[in-house]
Amino acid sequence: MSASPAKNAVRLVLLGAPASGKGTQGATLAAELGIPKISTGDMMRSARDAGTELGKLFDGIMSQGKLVPDDLVIRLVDERLAQPDAQRGFILDGFPRTVPQAEALDRLLADRGSSLNAAIDISTPRELLIERATLRRTDVRTGQIYHLKYNPPPASAQLVHRDDDREETVLKRLDAYDAMTAALVPYYEGKGLLRHVDGAGNPAEVGQRIRGALAELTGGSSSVSERTPELTPDRRGGANEG
Ligand code: AMP
């Protein structure tokens, strides 16, 4: 490994059900902090789009709303965390999703002389999650995420609806979240790393709640608290539902 982990870096896990806003919030915060957002779902969709054997396997599992086996996901994350940009800190979006993944993450970081310093759970009512996912659309050219009702796309957008955002699959993904991922709340609570934020409201409001929780967790020692004053809701008003 070329670089050792930075001492006061933000190493954050974002928890929350599908469509709770992890992707949108994680991307905004990562850009503000100058650290990567690592999304296992994005990595799997890239592998699928590249048409690799592994990508085909991921596609079959994702389209059913099921979870990819832990060992495969852990390997992806291990490789990603070894990249130089992740030594400055990172935001994990969609990983871990099971207790064995969380335990593996702790081991991977410990092997690198590092550890997580924050976990934030975005709690959102189920009806809102279903409405967000089923009306979520992505512009294929820009990657921009829109919501047909709350954040409508411009006429020029070339929209796609994620296969797994169709209602039947969303319900399965929410069930998988309740069955497997909700257990991470007590896991991180037990380590004193967790804060809950309310995921209802517009992205700027939820973003402010997340920054407040992160500043509490990192005790003001991370770069987020130094940067907080510039992060007014007005400047974030254009963020997306996601
Ligand atoms: P996401 O974009 O995070 O909602 O993930 C989309 C899909 O990718 C999920 O429904 C799973 O099928 C798969 N996936 C993403 N991350 C994980 C993970 N950490 N563990 C297992 N499966 C995952």
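In the set (1) crowded, with 18+ Cβ neighbours inside 10 Å; (2) closer than 23 Å to GLU167 by Cα; (3) more than 8 Å from the ligand (Cβ to nearest atom), the condition left unmet by SER63 is number (1). Residues in segment 143-177 that are more than 17 Å from LEU128 (Cβ to Cβ), surrounded by 11 or more Cβ atoms within 10 Å (Cβ to Cβ) and of a type in the set (Ser, Thr, Tyr): 1 in all.
Has segment 163-174 got any residue that is in contact (Cβ under 8 Å) with a residue 12 or more places away in the chain and closer than 16 Å to LEU15 by Cα? Checking segment 163-174: at least one residue is in contact (Cβ under 8 Å) with a residue 12 or more places away in the chain and closer than 16 Å to LEU15 by Cα. Contact map, segment 88-103: first residue closer than 17 Å to VAL10 by Cβ and at pLDDT 95 or above, second residue among the aliphatic types (A, V, I, L, M) and assigned to a strand (DSSP E or B), Cβ cut-off under 6 Å, separation 6 or more or different chains; pairs are PHE90/ILE38; ILE91/LEU12; LEU92/VAL13; LEU92/ILE38; ASP93/LEU14. Restricted to helices (runs of 4 or more DSSP H) entirely inside segment 46-164, those with at least 1 residues that are among the small types (Gly, Ala, Ser) are 53-62, 99-111, 126-134.
Would you say LEU29 is under 24 Å from THR138 (Cα atoms), more than 15 Å from the ligand (Cβ to nearest atom) and modelled with pLDDT of 95 or more? Here the answer is yes, as LEU29 does meet what is asked.
Filtered by the rule that a residue be within 26 Å of GLY65 (Cβ to Cβ) and either of a type in the set (Ser, Thr, Tyr) or touching a Ser or Thr at 6+ places or on another chain (Cβ under 8 Å) (or both), segment 23-37 gives GLY23, THR24, GLY26. Only residues that are within 16 Å of the ligand (Cβ to nearest atom) and either modelled with pLDDT under 95 or among the acidic types (Asp, Glu) (or both) were counted across segment 1-15, and they come to 0. All of ARG80, ARG107 fail the test of being over 18 Å from ASP178 (Cα atoms) and in contact (Cβ under 8 Å) with a residue 12 or more places away in the chain, apart from ARG80. Evaluation of GLU127 against the conditions (1) touching a Leu at 6+ places or on another chain (Cβ under 9 Å); (2) within 26 Å of ALA213 (Cα to Cα); (3) of a type outside the set (Val, Ile, Thr) shows that the sole unmet condition is (1). Note on segment 188-208: residues that are small (Gly, Ala, Ser), buried (at least 17 other Cβ atoms within 10 Å of the Cβ) and farther than 15 Å from LEU15 by Cα total 1. Exactly one residue out of ASP139, ASP42, ASP106, ASP121 is away from the ligand (no atom under 13 Å from the Cβ), closer than 23 Å to THR24 by Cα, of a type in the set (Asp, Glu) and out of contact with any Lys or Arg (no Cβ under 8 Å at 6 or more places or on another chain): that is ASP139.
The values are calculated or read from the model by the stated rules, or taken from the named source; none is laboratory data. Please read these numbers as outputs of a predicted model, since none were measured by experiment. Glycine gets a Cβ as well: all are built from the backbone with ideal geometry, and neighbour counts include every protein chain shown.
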